[in-house]
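Only one structure is covered here, and it is reproduced in the block below.
The values are calculated or read from the model by the stated rules, or taken from the named source; none is laboratory data. Values in this document were obtained by computation on a predicted structure and should not be read as measured data. Cβ sites come from the backbone with ideal geometry, for glycine too, and all protein chains shown count toward neighbours. With ligands, DNA and RNA removed, areas are computed over all heavy atoms of the protein, side chains included. Shrake-Rupley method; radii C 1.70, N 1.55, O 1.52, S 1.80 Å.
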Amino acid sequence: ALLRAEPQELVGRPSMGESAVVRGRRLKARRATRRANRASVSENLPGLSFLEAASVSDATKVSYGKAMETFYLFCQHNNLKHQMINELDSALVEFMNACFLDGDG
């Protein structure tokens, strides 16, 4: 004998009995949540797309943040400019050389 599956209501999907107003409110709430999630992901890792940033674990985000802070402090301590791309490239080379000589890289 075949078993008949009962229809299941999908989470986040409007049921047949919902009014257009209720559906509109649910849609607005879902969109607001998605916007907030995209914003929080993008803020933590500027320069990455939403999908790239979303694929990075929290531990990696913390590690990246510490590395960036160390780099910025190194630039300040050594009076290295890093606003323009060529300055950033030179500052990163100096930073990586210092890390290597200190045994950190």
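In this structure, residue 67 and residue 29 have a Cβ-Cβ separation that, at R0 = 25 Å, corresponds to a calculated FRET efficiency of about 0.10.
Karplus-based coupling profile of segment 25-32, in residue order and whole Hz: 5, 5, 5, 4, 5, 5, 5, 5, with θ = phi - 60° in 6.51 cos²θ - 1.76 cosθ + 1.60 and x standing for Gly or Pro.
If you sort 62, 22 by accessible surface, 1.4 Å probe, largest first, the order is 62, 22.
Counting only protein heavy atoms and using a 1.4 Å probe, the accessible area of residue 102 comes to about 120 Å².
Note on residue 56 and residue 83: their simple-model spin labels are 2.4 nm apart, each label 7 Å out from Cα toward Cβ.
Here the Karplus curve 6.51 cos²θ - 1.76 cosθ + 1.60, taken at θ = phi - 60°, turns the phi angles of segment 94-104 into couplings of 4, 4, 5, 4, 5, 4, 4, 5, 7, x, 9 Hz, with x standing for Gly and Pro.
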